[in-house]
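Values quoted throughout were computed directly from the atomic coordinates according to the rules given, and no laboratory measurement underlies them. None of these values were measured; they are calculated from a predicted model. Virtual Cβ from ideal backbone geometry, glycine too; neighbours counted across all protein chains shown.
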Amino acid sequence: MKIAILGTAHPLRGGLAAFNERLAYQLQQQGHEVTLWSFSLQYPSFLFPGKTQFTDESAPAGLNIRTEVNSVNPLNWLSVGAQMNKEQYDLIIVKYWLPFMGPALGTILRKAKKNGHTRVLCVVDNIIPHEKRPGDKQFTSYFIKAVDAFVTMSRDVLKDVATFTTKPAYYTPHPIYDSYLEAVSKQDACRKLELDPAKKYILFFGFIREYKGLDWLLEAMADKRIVAAGIELIAAGEYYNKDVEAANNSIIATHNLQSRVHLTTDFIPNSEVRFYFSAADLVVQPYKHATQSGITQIAFHFEKPMVVTNVGGLAEVVPDGKVGFVAEPNPTAIADAILKFYEPDSIPDLHKNILAEKQKYTWETFTDVMMKAVFGR
């Protein structure tokens, strides 16, 4: 088929771009002709408090990326929609993660579908946002009317979609992020990060936002049992909110965690990701609320056990006692789960279990569900 992916791609950075690019590769491997339609302007500054929206890494080889969409210019939406209409795509795949994008994406899709041929599938990250703003429901409702079918990556989001529409919607887990470089030894990773490979390290990875609960994990790091066990934390990711950064720095100072918390508060380029996961014994996602998380699938790629909180869809893909532990969402329970992991033989056949779970989250399975949702086959 002739397919367009409407959403973030290089030179924009982050998980959304990584997902769309990996999906494009998969569809091309299956024989489809794929074009990514990305943003010339994705976020106005008030929606992106990070340092930059762009990567300085090389463009992914073998992908056709058109940098066309301006999220705040209605004339651009009509122009892009008209261009996509002329292309007569069999399928447009669009990611939805933020209601702010509803007017732009909804308008483009309406224009693109006027040829009477193109079908539209939405891969939904969030239909109800983590941080609410006026107009969210109206923007999302407008967008949804332009879509023919939906795929969600958590059962909670599938339920949320059902509150907006009765159109076809299917659940399938987030596939593995397998486009990163291979793992290295803990010794080599620690040498790169200037850490001591003899120590116990846990990892918090990704953009640091209030709902991701790094403050809870810092409180857990102050637990006397964690201190006595000699466990240290690597926290790698860019802050999205100065108040959250100040609050976390206050926790670190109050509990004298400076020597046991290793902070890298810059965006981690793809080429560096493997060092953080390879240095860690355990990946911790102490989220306060969630839908699904791409971090889980990066951890599976590097075959790392996890502790996740029992919120959203996290526990759906981290079976408790098999590939890690599911903790209740509070600092004490998170500390309990971390300590349990370090107990001898706390998870029999851990690596074997991780490999078995990893096989469930293939891109082939994901694209099969996509095609069933939108074409019924």
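Summary table
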{"quantity": "Dipole moment magnitude, nearest 20 debye, the stretch 186-358 about Cα centre, only Lys, Arg, Asp, Glu C-beta charged", "calculated": "220"}
{"quantity": "By average C-beta atoms within 10 angstrom, highest first, the peptides 120-133, 307-320", "calculated": "307-320, 120-133"}
{"quantity": "Globularity ratio of the chain, using Cα Rg and 2.2 N^0.38 Å", "calculated": "1.00"}
{"quantity": "Of H174, H301, H255, the one that fluctuates the most in a GNM where the chain has Cα springs shorter than 10 Å", "calculated": "H255"}
{"quantity": "Sequence-separation-based contact order of the chain, relative, with Cα cut under 8 Å and 6+ spacing, percent", "calculated": "14"}
{"quantity": "Nearest-ten-degree value, helix 363-375 long axis tilted from longest Cα axis of the chain", "calculated": "30"}
{"quantity": "C-alpha long axis of helix 242-254 to longest principal axis of the chain, angle in °", "calculated": "10"}
{"quantity": "Choice from A228, A149, A337 showing the highest fluctuation, given a GNM over the chain with Cα pairs closer than 10 Å", "calculated": "A228"}
{"quantity": "Partners for K111 among lysines (Cα-Cα distance below 17 Å; same-chain residues under 8 apart left out)", "calculated": "K86, K145"}
{"quantity": "Relative contact order (%) - criterion: Cα under 8 Å, at least six apart; region: the stretch 102-202", "calculated": "24"}
{"quantity": "Residue-count net charge about I3 - beta-carbon cut-off 9 Å; Lys, Arg +1, Asp, Glu -1", "calculated": "-1"}
{"quantity": "Zero-based 5 Å bins, Cα pair distances in the stretch 143-269, whole percents", "calculated": "2, 8, 15, 15, 13, 13, 12, 9, 6, 5, 2, 0"}
{"quantity": "Gyration tensor verdict on the stretch 153-223 (Cα atoms; rounded if a/c is under 1.5, prolate if a/b is larger than b/c, oblate otherwise)", "calculated": "oblate"}
{"quantity": "At R0 = 30 Å, FRET efficiency that the Cβ-Cβ distance of Y211 and E87 yields, to 0.05", "calculated": "0.20"}
{"quantity": "Dimensionless Rg ratio for the stretch 186-358, taking C-alpha atoms and the 2.2 N^0.38 Å reference", "calculated": "0.94"}
{"quantity": "Modelled FRET efficiency - R0 45 Å, E364 with A247, Cβ distances, 0.05 increments", "calculated": "0.60"}
{"quantity": "Three-way shape call for the stretch 1-131 based on the alpha-carbon gyration tensor, with the a/c threshold at 1.5", "calculated": "oblate"}
{"quantity": "Those lysines that a straight Cα-Cα span of less than 22 Å connects to K288, excepting residues fewer than 8 apart in one chain", "calculated": "K132, K159, K212, K242, K304, K340"}
{"quantity": "Spin-label model distance (nm) - T254 vs E328, 7 Å beyond Cα toward Cβ", "calculated": "2.1"}
{"quantity": "Net charge of Cβ neighbours under 11 Å - reference D281; Lys, Arg +1; Asp, Glu -1", "calculated": "+3"}
{"quantity": "Part-to-part distance (alpha-carbon centres) for the stretch 63-113 and the stretch 272-310, which is given in Å", "calculated": "32"}
{"quantity": "Using alpha-carbon coordinates, inclination of helix 331-341 to the longest axis of the chain, degrees", "calculated": "80"}
{"quantity": "Whole-number percent relative contact order across the stretch 25-137, with pairs defined as alpha carbons under 8 Å at least 6 apart", "calculated": "24"}
{"quantity": "Modelled FRET efficiency - R0 25 Å, L355 with A61, Cβ distances, 0.05 increments", "calculated": "0.30"}
{"quantity": "Cut-off 18 Å, label 7 Å out along Cα→Cβ of A229, residues of the stretch 287-302 by amide N", "calculated": "287"}
{"quantity": "Computed helical MRE - 222 nm, the chain, DSSP H runs ≥ 4 contributing -39500 (n - 2.57), nearest 500", "calculated": "-11000 deg cm²/dmol"}
